[in-house]
1. I'd like to know if the stretch 38-61 contains one or more residues that are of a type in the set (Asp, Glu), open to solvent by 50 Å² or more (accessible area, probe 1.4 Å), more than 25 Å from residue 114 (Cβ to Cβ) and over 25 Å from the mean Cα position of the chain (by Cα).
2. Taking residue 511 as meeting all but one of (1) farther than 28 Å from residue 36 by Cα; (2) touching a residue at least 60 places away in the same chain (Cβ under 8 Å); (3) not acidic (Asp, Glu), write down the number of the exception.
3. If I filter the stretch 209-222 for residues that are touching a His at 6+ places or on another chain (Cβ under 9 Å), of a type in the set (A, V, I, L, M, F, W, C), crowded, with 22+ Cβ neighbours inside 10 Å and under 13 Å from residue 520 (Cα atoms), do I get at least one hit?
4. Say whether the condition of being assigned to a loop (DSSP other than H, G, I, E, B), open to solvent by 10 Å² or more (accessible area, probe 1.4 Å) and among the charged types (D, E, K, R) is met by at least one residue in the stretch 263-275.
5. Would you check which residues across the stretch 503-525 are open to solvent by 70 Å² or more (accessible area, probe 1.4 Å) and over 25 Å from the mean Cα position of the chain (by Cα) and list them?
6. Scan the helices (runs of 4 or more DSSP H) fully inside the stretch 479-525 and keep the ones with 3 or more residues being under 30 Å from residue 246 (Cα atoms).
7. Output the number of the condition that residue 253 fails; it satisfies all remaining conditions of (1) open to solvent by less than 40 Å² (accessible area, probe 1.4 Å); (2) modelled with pLDDT of 85 or more; (3) part of a loop (DSSP other than H, G, I, E, B); (4) under 26 Å from residue 36 (Cα atoms).
8. So which residues in the stretch 383-442 are of a type outside the set (A, V, I, L, M, F, W, C), buried (at least 23 other Cβ atoms within 10 Å of the Cβ), out of contact with any helix residue (DSSP H, G or I) (no Cβ under 6 Å at 6 or more places or on another chain) and not in a loop (DSSP other than H, G, I, E, B), if there are any at all?
Amino acid sequence: NDDDKIKIGIVWAGSTKHANDRNRSVRLQRFLPLLPIEGTHFYSIQKGIPVMQTKDYQLLLTDLDEYIKSFADTAAIIGNLDLVITVDTSVAHLAGALGKETWVLLPYMPDWRWLLEGNNSLWYPTMKLYRQPAFRNWNTVFAVLKKDLISFVKKKKGEKVKTEVANKNLNADILYLGLTSGENFGWGVCSKYLKKELSQKLNVVNIDEHEELHRAGKVNGPVFHALNNNDFSGLHPVRGTKNIGYTFFEYELNDAAVKNAINYELVLGGSSWNERKLNQRGVENTGVLIQGVDTELFYPEENETKKDLFVIFSGGKFELRKGQDLVLKAIKILQQKFPDIVLINAWYNMWPHTMHSMGVSKHINYEYKGETWKNFMVNLCQVNDIDGNKILTLPITPNNKLRDLYLRSDIGLFPNRCEGGTNLVLMEYMACGRPVIASYNSGHKDILTDSNSLQLRQMHEFKLYDDNKKLIADWEEPDIDEIIAKLEYAYFNRNEIKQIGKNAAEFMKQYTWKDSAEALLKFIA
């Protein structure tokens, strides 16, 4: 139900016949960092060929193209929105003329109507202009836009910014949370649930909601920091009377991180593997805080429907560390033996630089090609001689939509080379009563047992080095033959693996976000 959410209409492209269209229009992908902002729902009021770009993001925004036959239809839709964000198109003028709050994204050399300076429009009092600071510099525009949009949403929802918080003498029952916002990525999910659970136990102040705390730099109370994996700097530059860091990392710790660890009374790792790595580098002020599962969102299905297919699920953003190249290699081999095997993958990755790590894989030919995520995966299947007709590639999918997806599969495959945490997707999948085949390494070891999973234990050393031959990743790679053997066992023993799934669901009841919050409070105390 989106009735209580801020409704935002977006337009990212104008007519290609416009003389300056190359500079004024963008791709929908530019808006992706905005779409997960909590408390919002986005509506595409785009027209023309660019509407096709929405097909990869149908779960993140609503496409209204079919309802727009005329300018009058567009006007009617705008009347029901809280905000319109658009590049320099006719929609900008329409929204401005209707008195709707409108944010217009302008190229470095804009149309004469917008002049060359200023954030306000001469023609429309409810309009705000976002100008490129340099030629084709959209990155800065969207960074400022995201910050302003978060503030706009809070204002609209009636949240008052308490400017006196930073200077008050606060009692010991207040905990400051230096976490993040968002929902459809690991840190976002973790932050969302910890904020929720902790707020039910004591007074919390979310630092990301109070800009004045950033200016103050210090608070009178403990701060729980989400740490930057590269150097262990907190997400927010605020220090408390006690500072506890929380980290998930997979690559080798650099010297900056080890040095900065001393700035925290305690550094909590997302797994016992993280803690061991910290201790190996001489960081002794450590502990382990395992993530939780929302058991009201992820739970088993009592009545299962029979399927003619054997469906394998694989999740996690597409990158070398997650081992999807091993999944593709196994699927290629098994498709030749079992025509009823289908793969559903939720691999969407909005960070291409991590995807390119697949270039060192010995199991697949990696080629970064395709205008959309689906096209990329179709091409990847083609260059690897994999039957793409039996592979369902999903767009970026909100966390609250995943259970239905999990229940449509028979088994989950997680041949990860490394997990700094316990792998949130793995935990949520298991909580739905579905059996898994998973690497028994790194963070997985904190969750997997003989009764709740089929474990991959035949590991090969897997190390990565930088250009100076310095070790940057010390991982383990599952054996491809063992992966195939476990999948074949699951294929021929479907009733047996259902019991493993039931065991997994029961096991995950002890790993809820409430448990995580209570464990954190013990560390703080």
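The values are calculated or read from the model by the stated rules, or taken from the named source; none is laboratory data. Here the structure is a predicted model, which means the values were calculated and not measured. Ideal geometry is used to build each Cβ from the backbone, glycine not excepted, and the neighbour counts take in all protein chains shown. Note: accessible area is taken over every heavy atom of the protein model, side chains too, but ligands, DNA and RNA are not part of it. Shrake-Rupley method; radii C 1.70, N 1.55, O 1.52, S 1.80 Å.
1. Taking the stretch 38-61 first, the residues of a type in the set (Asp, Glu) are 38, 56.
When the remaining residues are screened for being open to solvent by 50 Å² or more (accessible area, probe 1.4 Å), the result is 38.
Next, from what is left, pick out any that are more than 25 Å from residue 114 (Cβ to Cβ): 38.
Restricting the remaining residues to those that are over 25 Å from the mean Cα position of the chain (by Cα) gives none.
The answer is no, given that none of the residues of the stretch 38-61 is of a type in the set (Asp, Glu), open to solvent by 50 Å² or more (accessible area, probe 1.4 Å), more than 25 Å from residue 114 (Cβ to Cβ) and over 25 Å from the mean Cα position of the chain (by Cα).
2. Status for residue 511: all satisfied but (1).
3. no
4. First, the residues of the stretch 263-275 that are assigned to a loop (DSSP other than H, G, I, E, B): 264-265, 270-271.
Checking the rest, the ones that are also open to solvent by 10 Å² or more (accessible area, probe 1.4 Å) come to 264-265.
Next, only the ones that are among the charged types (D, E, K, R) stay: 265.
Checked against the condition, which is being assigned to a loop (DSSP other than H, G, I, E, B), open to solvent by 10 Å² or more (accessible area, probe 1.4 Å) and among the charged types (D, E, K, R), the stretch 263-275 yields at least one hit.
5. Listed by number, the residues that qualify are 506, 522, 523, 525.
6. Details: elements: 480-492, 494-507, 513-524.
Where helices (runs of 4 or more DSSP H) fall fully within the stretch 479-525 and carry at least 3 residues being under 30 Å from residue 246 (Cα atoms), they are 494-507, 513-524.
7. (4)
8. 428, 439, listed by residue number.
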